[in-house]
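To keep things clear, I will list the structure first and then write my remarks on it.
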Amino acid sequence: MLLEKLFKEFNVDLNTFNTAESELFDQFFERIWVKKNTFLIQEGELEKYSYFIFNGIARCWTLNHKGEEQTFWFCKEGSFSLSNISFTLQEKSTFNVQTITDCEIYRINQEQAIKLYEAIPGLKAVFENLTARLLNKLLNRNIALIKYTPEQYYLQMMEEFGNTFNCIPLKDIASYLGITPQALSRIRKRIF
């Protein structure tokens with residue numbers, strides 16, 4: 001169930017693992033329900049869990065040089081939270097991850113993650129590939145911010161996020177695009 005959703009998000013062949021391995025994968029994770037506006041991690045903390053967003057959406061943000069919240073990434077359904085960077089490297093987080101909707105999340109700690117890699121030997125190589133794909137998405141986001149106008153990027157976001165796009169507060173979308181809420185309002189008036 002979890003691998004299917006993850007693989008779908010990253011366009012990975014669903015037949016990479018058999019049904020038994022997929023079911024085994026799920027058994028290593030604990031399901032939790034997280035309320036809207038809950039921090040999964042705050043800047044300066046060390047992440048104890050790897051979080052998989054099954055339903056809902058979270059945002060990654062930090063304070064900019066003016067002391068304003070700057071959203072730089074959205075962790076959507078079918079993906080892991082970017083707090084995995086702190087989890088994997090065991091370094092303090094340099095940003096916050098906060099839910100923006102009520103979320104159904106599956107989490108795993110370090111001990112369980114080691115056991116999971118031992119139980120499904122090919123998993124580590126697949127996750128290395130997924131990490132490279134995520135890095136590519138992050139790089140493409142940076143390139144898109146240079147290449148496209150905020151309006152063009154807004155339209156791309158609408159397509160990429162589908163129905164969950166409506167769950168993201170407009171102030172967070174504006175922050176993500178690097179524009180003011182007023183500028184986003186003008187864009188939305190032109191589009192709609």
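The values are calculated or read from the model by the stated rules, or taken from the named source; none is laboratory data. Computed from a predicted model, the values in this text were never measured in an experiment. Quick reminder, even Gly has a Cβ in these numbers, built from the backbone with ideal geometry, and neighbours come from all protein chains shown. All accessible areas refer to the heavy atoms of the entire protein, side chains included, with ligands and DNA or RNA removed. Shrake-Rupley method; radii C 1.70, N 1.55, O 1.52, S 1.80 Å.
Quick notes on this one:
- Entry remark, the range 162-179: residues being among the acidic types (D, E) and open to solvent by 20 Å² or more (accessible area, probe 1.4 Å) number 0 in total.
- Residue in the range 146-161 that is touching a strand residue (DSSP E or B) at 6+ places or on another chain (Cβ under 9 Å), within 25 Å of Q42 (Cβ to Cβ) and open to solvent by less than 50 Å² (accessible area, probe 1.4 Å) present: yes
- Selection within the range 32-81: residues that are under 14 Å from F95 (Cβ atoms) and among the polar types (S, T, N, Q). The member of this set that is nearest to the chain's Cα centre (by Cα) is S81.
- Options L123, L134, L184; residue that is over 21 Å from the mean Cα position of the chain (by Cα) and surrounded by 14 or more Cβ atoms within 10 Å (Cβ to Cβ): L184
- Here A132 meets the list (1) more than 25 Å from F39 (Cα to Cα); (2) part of a strand (DSSP E or B) almost entirely, failing just condition (2).
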